[in-house]
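Written out below as structure tokens is the structure these notes cover.
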Amino acid sequence: MDALLEPLQYAFLQRALVGGAAIAMMTGLLGVFVVQRGLAFLGDGLAHASFGGIALGALVAYGVGGAGLLAQPLWVALPFTLAAALAIAWVRDRTDLSSDTAIGVFFAVAVALGVLFLSMIPPDANVVDVYHLLFGSILAVGPADLRIILVTAGAIVTLLVLAWGRLAYATFDADLAAADGLPVRLLDYGLFAVAAIAVVVSAQVVGIVLMAAYLVIPAAAARLAARSLVAMSVGAVAIGVTTTLVGLFASYAADVPSGAAIILLQASVFLVAALTARR
Amino acid sequence: MRGADPTAALPYGDGVRPLSDAPTVPTSRTEADRPVRDAAVPAALAVTNLRVTRGDALVLDDVSFTLPRERFLAVIGPNGAGKSTLVQALLGLVRPDGGEVRVFDRAPRSEPRRIGYVPQLKTFDRSFPATALELVVSGARGRWPARITATERDAACAALERVGATRLRDRPLARLSGGELQRAFLARALVREPDLVILDEPATGVDFLAEHDLNHLLEGYQRDARATVLMVTHDLAAARHHASDVLVLNRTRIGFGPPERALTRACLEQAYGHVGHDHDLVLP
């Protein structure tokens, strides 16, 4: 028991556990709508858009020389990714292109811009760690990062819970929801905007490459076992939070990268759900 | 030869009574503007010179008709005739490029609770995790239910019973047959006790028995609730036997009126092209 509780005395691990649980709760709830709307690629697209945003933020931070709000890449990455998300939603709305195509276009542009921006920062400037950017560093979450995560996750979870009945109805059938007077288009854009904010804040912690997993795998695993959307939502949050906590402990104990441990744990839950699901 | 010709241009069911071969096609404006029985009561539907385009295509052009309350309107026409677009315009889901649509003398979407809408099921995504009960409650609530109250459950069960689908209550949507899903969607539409029921091709993919039941169910509800029904259908027999009015549509209004006047040979030929030779549908 002591061996299990021993890691809890480290502040960095406490922050990782609390921050990871908050991210899992937020992305799990969001993931239900992402998965059920067939937007699994959105998580990948927005995470890569945030790569472009963080790269631009790093360039700006390098430019301002480490002073003020702009010294934090997040404050540039946030509007950048939000703009990309709304642009994807707009292309979906105004053209016949599929979501995947729209996402694919912005995905590539954002990554190209990100590489360009990073190349403009001298390598010895030490503004951004590309490895951490790609693969995350949940164990490096500082007190300031944790505050941002908790505020964002709290706001987004509250918003999703309040809008759940409307979002779920529009997800079930947009025409039926619109015929009943729901602002379906506003809900669409709102969902994309919320996803963008959640992805930017989470991608800094779990990494750009693994971000999509958080949005997709817990919801997909819950979908296999759930008979209702509300059960799927509860399940997605439960799977996300549990795998994050267990994965963090396991990665600490086995000394393996925590992001990878969490995602592989989520994938095993998905596999079990897929194997046991009744057809 | 009755109903045996697989190349028949017109889809129709068994038991079709011969159509009268009226000398004139009722396409004139005056036919649409038959006076409402009680002038003080606004019509259920009033469509005036409706025009809808999608991209470059003109989907509906100069469509006008007035449907008094408590009528049963069948909308027929070939594929691509604009029938579903008309339904979408009535529901306020597409914006007309010209003309006007009034539902109970108000703009579409003004009173969504008064309309029970049964969509086409061929585009429905069955992967959505939900039971038939939740589907019906969503119709009562106008939101997707997370928790269902006792009152909502009772109302939903009564609606399911009305359409003979009580046993489907806890069945996931993915495990309903076409006819069962149809019933669940009809219960969803009726649970709010609408003044207007709109059905978009309810017969699609459903066996004849279920379809037969459906028409009687609708007639029963219409009578009990003094409601108006609009049904888009490919089934000329249903239009003939169950509808009080028929709108023959092919991008524009080809005919409108009671079945014996709208379902004439001239009208159908104009809507569908060549009707055929010996289909018993039309008199020589």
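Each reported figure results from applying straightforward, stated rules to the coordinates on display, with no laboratory input. It should be emphasised that the depicted structure is a prediction, and the values quoted were computed from it without experimental measurement. Don't worry about glycine lacking a Cβ; one is built from the backbone with ideal geometry, like all the others, and counts go over all protein chains shown.
Centre-to-centre separation between the Cα atoms of the stretch A:20-67 and those of the stretch A:213-270: 18 Å.
Expressed as a whole percent, the proportion of Cα-Cα pairs in the stretch A:37-108 lying more than 20 Å apart is 35%.
Restricting the calculation to Cα atoms, the stretch A:40-79 yields a radius of gyration followed by a Dmax of 11.2, 38 Å. When only the Cβ of Lys, Arg, Asp and Glu is charged (+1, +1, -1, -1), the dipole of the stretch A:11-208 relative to its Cα centre reaches about 320 debye.
Relative to the compact-globule estimate of 2.2 N^0.38 Å, the Cα radius of gyration of the stretch A:104-220 comes out at 1.31.
Give the value in nm², to one decimal: projected area of the alpha carbon convex hull of the stretch A:11-208, averaged over all directions. Mean projected area for the stretch A:11-208: 11.2 nm², to one decimal.
Charges were assigned to the Cβ only: +1 to each Lys and Arg, -1 to each Asp and Glu. The resulting dipole of the protein assembly as shown about its Cα centre is roughly 820 debye. Its alpha carbons give the stretch B:115-191 an Rg and a Dmax of 11.0, 32 Å. Summarised as an ellipsoid, the stretch B:72-168 has semi-axes of 29, 17, 13 Å, derived from the eigenvalues of the Cα gyration tensor scaled by 5 and square-rooted, with the largest first. Its relative contact order, with pairs defined as Cα atoms under 8 Å and 6+ residues apart, puts chain A at 31 percent. Once fully extended, how much extra length lies between residue A:94 and residue A:250, figured as 0.36 nm per residue of separation less the alpha-carbon to alpha-carbon distance? Here the answer is 51.5 nm. Among the residues of A:31-38, the average count of other protein chain beta-carbon atoms within 10 Å of the residue beta-carbon is 1. The largest-to-smallest principal axis extents of the Cα set in the protein assembly as shown are 92, 50, 48 Å. Computed over chain A with a Gaussian network model linking Cα atoms closer than 10 Å, the most mobile of A:222, A:198, A:87 is A:87.
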